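Participant: Let me begin by handing over the structure; questions about it come next.
The values are calculated or read from the model by the stated rules, or taken from the named source; none is laboratory data. What you see is a predicted model, and the numbers here were worked out from it, not measured in a lab. Here the Cβ positions follow ideal geometry from the backbone for every residue, glycine too, while neighbour counts run over all protein chains shown.
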């Protein structure tokens, strides 16, 4: 199909003529042809989509902005499989005031109590939950399950009372009138906000002072101070920005998460997150923003992003049309706004880390490692290898595994070099990787050797990497491969590829992480080599005893664990060991007790 170099919308379809993707383009011919070029430059999601495309159609528009509007409309109408599909499925939230004389305030998602009173509905559950929590702490309301007045005096006040977060009506020392005053102050705070609440409480405090009720005035003063302190802690945005949304993105190469922070009057009033399939980051950001604000009616004056979208001027025009007034898109480089973006991004990383079973720090270092090494996705499953030998003897290799940023000791493996005698670090590494990938090809499931690593690290430089690259090619494996280089003091210095070194000393988290991996694989490999050497030394000493060959020596060591235990064993204990007879048991006993004779 001959495509024009004009703006418009393209529509991808599968064999059943189902629409699987809708996109916009400034020049249809250039954009669509990109999909069917070299697949090596595409994300996995795009490769899967292209493999399912059987036909496509297009609609020409007068401008790229019209294409953007049409794209949003068609995505809503057809909900294609490979587009980002966002649903406005946030439920409503309520502030609940329980029935009865001694009321309690709580947060609720449903109006399920006929005896209770509800304030709402509110669209933001985040706002309602935080507002209720604040009100309960400020006005010292009970959150326990005790019933009043039935449970008066039945137990000691809880910890909240002692840290001044509960007025403890359970003691029976508070009147219903005093308790109602706490409840009403909290409701005023929830309905009118901090400023209105402070104004009303100030009036009440002054009235109490005029009536010489100094104790009551002091209590109200303390509540005013608590509201002010809470309000100050919430002021995290430059007061010059009346309202704004902050959006940040985190990805592991396969899945991504968008985190949205929404601010009004310098205060965080709502937050949301959305899991999506990964794609080109500029393109996917544009698609997310258009999708998100297509299901939102309240468009902010400012949109602060952690990266530049595909065409932010076009997006500004789109948002301005929805809002009816100017909208500014900001990609901050420094200052308060940059700090806000970083806070939002850290929360996006945390969301993604939770889905992977990692901590934020563990996931952040993997994400940083991906960027430094230029990997397509976050390396969740890393294998590291190191050789060890003693002057060309007892040639072994150790493999350690780091999964989701943590050691996975159950996946560690030991290799004894079988292909040659003597010392050849390059050949040893090549043999081990060859055996490991052969095991992968023959595996029946995805456990152990049946799992393909996201990254292979070798203890060594360019020589080790060059020796192993042909092995990957032999097995037709596209696995990122790098070496870990040490300095003269045997400390980690850099990461090396077949193209050259990559400095990591300035990236503190990655440097520390790689150093830990290199130290761990070295410890594991040398530990295995020492164990084999000691085993052979033990075997050679036992085989000096008449009637004890290598098989009996091995059986004795396995049974008694150490030479010392064998030397302390009596004749009957030696006789009971596997592969032993009366003559060999007596010979072993005599060998270790010759001094006694």
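Participant: Based on this model, can you work out whether residue 179 counts as modelled with pLDDT of 80 or more and either under 28 Å from residue 121 (Cβ atoms) or assigned to a loop (DSSP other than H, G, I, E, B) (or both)?
Facilitator: Numbers: modelled with pLDDT of 80 or more: yes; either under 28 Å from residue 121 (Cβ atoms) or assigned to a loop (DSSP other than H, G, I, E, B) (or both): yes.
Answer is yes for this residue.
Participant: Related question: Hey, any hits in the range 511-520 for a residue that's in contact with a helix residue (DSSP H, G or I) (Cβ under 7 Å, 6 or more places away or on another chain), surrounded by 15 or more Cβ atoms within 10 Å (Cβ to Cβ), in contact (Cβ under 8 Å) with a residue 40 or more places away in the chain and outside the structural domain of residue 387 (by TED's automatic domain parsing)?
Facilitator: There is at least one residue in the range 511-520 that is in contact with a helix residue (DSSP H, G or I) (Cβ under 7 Å, 6 or more places away or on another chain), surrounded by 15 or more Cβ atoms within 10 Å (Cβ to Cβ), in contact (Cβ under 8 Å) with a residue 40 or more places away in the chain and outside the structural domain of residue 387 (by TED's automatic domain parsing).
Participant: Could I ask something else about it? Quick check: anything in the range 400-411 in a helix (DSSP H, G or I) and either in contact (Cβ under 8 Å) with a residue 60 or more places away in the chain or surrounded by fewer than 16 Cβ atoms within 10 Å (Cβ to Cβ) (or both)?
Facilitator: So far as the range 400-411 goes, yes, one or more of its residues are in a helix (DSSP H, G or I) and either in contact (Cβ under 8 Å) with a residue 60 or more places away in the chain or surrounded by fewer than 16 Cβ atoms within 10 Å (Cβ to Cβ) (or both).
Participant: Taking the stated definitions as given, is residue 262 more than 25 Å from residue 24 (Cβ to Cβ) and not in a helix (DSSP H, G or I)?
Facilitator: yes
Participant: Limited to the range 121-151, what total is found for residues that are outside any loop (DSSP other than H, G, I, E, B) and over 26 Å from residue 177 (Cα atoms)?
Facilitator: 8
Participant: Which ones in the range 337-357 are touching a helix residue (DSSP H, G or I) at 6+ places or on another chain (Cβ under 8 Å), within 19 Å of residue 408 (Cβ to Cβ) and in contact (Cβ under 8 Å) with a residue 40 or more places away in the chain? Lay out the reasoning, then the answer.
Facilitator: Step one: list which residues in the range 337-357 are touching a helix residue (DSSP H, G or I) at 6+ places or on another chain (Cβ under 8 Å), which gives 346, 349-350, 352-353, 356.
This time we only want the ones that are within 19 Å of residue 408 (Cβ to Cβ), so: 353, 356.
Correct list: 356 only.
Yes/no matrix, rows are residues, columns are (1) within 30 Å of residue 45 (Cβ to Cβ); (2) at pLDDT below 80; (3) not assigned by TED's automatic domain parsing to the domain that holds residue 275:
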{"site": "66", "(1), (2), (3)": "yes, no, yes"}
{"site": "84", "(1), (2), (3)": "yes, no, yes"}
{"site": "97", "(1), (2), (3)": "no, no, yes"}
{"site": "105", "(1), (2), (3)": "no, no, yes"}
{"site": "115", "(1), (2), (3)": "no, no, yes"}
{"site": "120", "(1), (2), (3)": "no, yes, yes"}
{"site": "151", "(1), (2), (3)": "no, yes, yes"}
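Participant: Go over the candidates 418, 377 one by one and state the one that is assigned to a loop (DSSP other than H, G, I, E, B), on the phi < 0 side of the Ramachandran plot and buried (at least 18 other Cβ atoms within 10 Å of the Cβ).
Facilitator: So the residue among 418, 377 that is assigned to a loop (DSSP other than H, G, I, E, B), on the phi < 0 side of the Ramachandran plot and buried (at least 18 other Cβ atoms within 10 Å of the Cβ) is 377.
This table checks each residue for (1) surrounded by fewer than 13 Cβ atoms within 10 Å (Cβ to Cβ); (2) closer than 29 Å to residue 263 by Cβ.
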| residue | (1), (2) |
| --- | --- |
| 103 | no, no |
| 109 | no, yes |
| 115 | yes, no |
| 118 | no, yes |
| 166 | no, no |
| 183 | no, no |
| 186 | no, yes |
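Participant: With respect to residue 295, is the statement that it is out of contact with any strand residue (DSSP E or B) (no Cβ under 6 Å at 6 or more places or on another chain) and either modelled with pLDDT of 85 or more or not assigned by TED's automatic domain parsing to the domain that holds residue 340 (or both) true?
Facilitator: no
Participant: While we're on this one: How about the range 492-506: which of its residues are assigned to a loop (DSSP other than H, G, I, E, B) and closer than 11 Å to residue 373 by Cβ?
Facilitator: Filtering the range 492-506 down to residues assigned to a loop (DSSP other than H, G, I, E, B) leaves 498-499, 504-506.
Once the filter is applied, which keeps residues that are assigned to a loop (DSSP other than H, G, I, E, B) and closer than 11 Å to residue 373 by Cβ, the range 492-506 yields only 504.
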